[in-house]
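This report concerns only the one structure given below.
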Amino acid sequence: MPKVIVAMSGGVDSAVAAALLIRQGYDVEGLTLQLWHANRMDQKGLEAAQQVARQLSIPLHVVDARESFRRKIVEAFIASHLANETPNPCVLCNPALKWAEMIAVADAQGAEYVATGHYARVLQAADGKFELWRATDPAKDQSYVLSNLNQQELKRSILPLGELRKPEVRVIAQSLELAVSQTPDSQDLCFVDQEDYQQFLRDYAPEATKPGEIRTANGRLLGMHQGLAFYTIGQRKGLPAYTEALYVLEKRPETNTLVVGTVNQLGSSQFLVRPVNWISGETPDLPMACEVKIRYRAIPVSSRLSTFDNSSLLVETYLPLRDITPGQSAVFYEGQKVLGGGVIRADGK
């Protein structure tokens, strides 16, 4: 059987992915990437991955990717906040860092494939193209964060958990007596402790955390905010008391003003996306109908895609969305198949 390099984070999903590939007869080797963290290096994750590799009797390659991760992912995350956006670094990280590092190790070790513990599916169409599909388990589906992958990456990728549900993965880990069988799911932002998120922004993006005014859409002053970076479109928490519930409508960096309003003032039915990645490698005929997700946990909604200019795509949704957020990814679906996606931009009104 071919050799495969499996990314092992020290969690249960990647451990079971490696175990399943061994069971299927692949020649499996593990890979752990050491990533930059604001306060520490993730020694705990490395030690867990090493323990699993010993249990499975497979080699484990350890690559120090801290500098590359800081430069490609963390600096882009900071720059996005300084551009008045709310970024999703995972969507960028998968092709720009994780798959790049996995494929580099695979090439060096003579491995044909790479694999991860993501919940999604890679299928090959009749025309030979590789397709990204949603996972069988909708509660764990991670196709959204893989929407920037391309044909060269997908043709070498195996996602062993795509047909499984998380409880089944736990059962497999327990049956193999893997040390990580009860490890909790990892947090979304791996390089910042959840409780230190605001402090991270104060340390690394101080320009975005400057206090300013909170005003209604008609200009009424309601109070002061602690920094635009701490708010996202559609947010309700942390806003001043008012006659009705308030939501963040807009962030105006030119005046450092947070604009708030009622639920009736919130939402839009169109926005711009750029740059756009089409998983097939080819731009489909536009305009076209599809479903779009504007956040990882968002419900897909019917939409229409059309060309706006040479670099941007216009997305028009059939129902207004309350939390269209610049910096987040819009991912396009045709049923269970991922067509591609791109970054929501602030000039999309």
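The values are calculated or read from the model by the stated rules, or taken from the named source; none is laboratory data. Just so it is clear, the model here is predicted, and its values are computed rather than measured. No Cβ is skipped: glycine too gets one built from the backbone with ideal geometry, and neighbour counts run over all protein chains shown.
Here are a few things to note about the model shown:
- Selection count, the stretch 204-229, where residues are within 26 Å of the chain's Cα centre (by Cα) and surrounded by 13 or more Cβ atoms within 10 Å (Cβ to Cβ): 8
- Selection from the stretch 188-235 of residues that are closer than 15 Å to PRO89 by Cβ, part of a helix (DSSP H, G or I) and aromatic (Phe, Trp, Tyr): TYR197, PHE200, TYR204
- Criterion: surrounded by 12 or more Cβ atoms within 10 Å (Cβ to Cβ) and either over 27 Å from LEU149 (Cβ atoms) or touching a helix residue (DSSP H, G or I) at 6+ places or on another chain (Cβ under 7 Å) (or both) - qualifying residue of VAL276, VAL260: VAL260
- Restricting attention to the stretch 125-138 and to residues that are surrounded by fewer than 18 Cβ atoms within 10 Å (Cβ to Cβ) and touching a residue at least 24 places away in the same chain (Cβ under 8 Å), the residue that is nearest to PRO167 (Cα to Cα) turns out to be THR136.
- Inside the stretch 307-349, residues that are hydroxyl-bearing (Ser, Thr, Tyr) and closer than 14 Å to VAL292 by Cα make up a count of 5.
- Every condition in (1) in contact (Cβ under 8 Å) with a residue 60 or more places away in the chain; (2) over 19 Å from MET8 (Cβ atoms) holds for THR116 except the one numbered (2).
- Number of the exception - PRO240 against (1) in contact with a Gly (Cβ under 8 Å, 6 or more places away or on another chain); (2) farther than 30 Å from THR136 by Cα; (3) not in a loop (DSSP other than H, G, I, E, B): (3)
- Residue match in the stretch 139-148 (condition: surrounded by 16 or more Cβ atoms within 10 Å (Cβ to Cβ) and over 24 Å from VAL331 (Cα atoms)): no
- Where a residue in the stretch 1-28 is assigned by TED's automatic domain parsing to the domain that holds SER157 and its partner, wherever it lies, is of a type in the set (S, T, N, Q) and part of a strand (DSSP E or B), with Cβ under 6 Å and at least six apart: MET8/THR32
- Qualifying residue in the stretch 119-128 (condition: touching a helix residue (DSSP H, G or I) at 6+ places or on another chain (Cβ under 9 Å), within 18 Å of TYR333 (Cβ to Cβ), modelled with pLDDT of 95 or more and β-branched (Val, Ile, Thr)): yes
- Candidates SER268, SER312, filtered to the one that is farther than 27 Å from TYR197 by Cβ and in contact (Cβ under 8 Å) with a residue 24 or more places away in the chain: SER312
- Scope the stretch 31-44; condition free of Cβ contacts under 8 Å to residues at least 40 places away in the same chain and crowded, with 23+ Cβ neighbours inside 10 Å; matching residues: THR32
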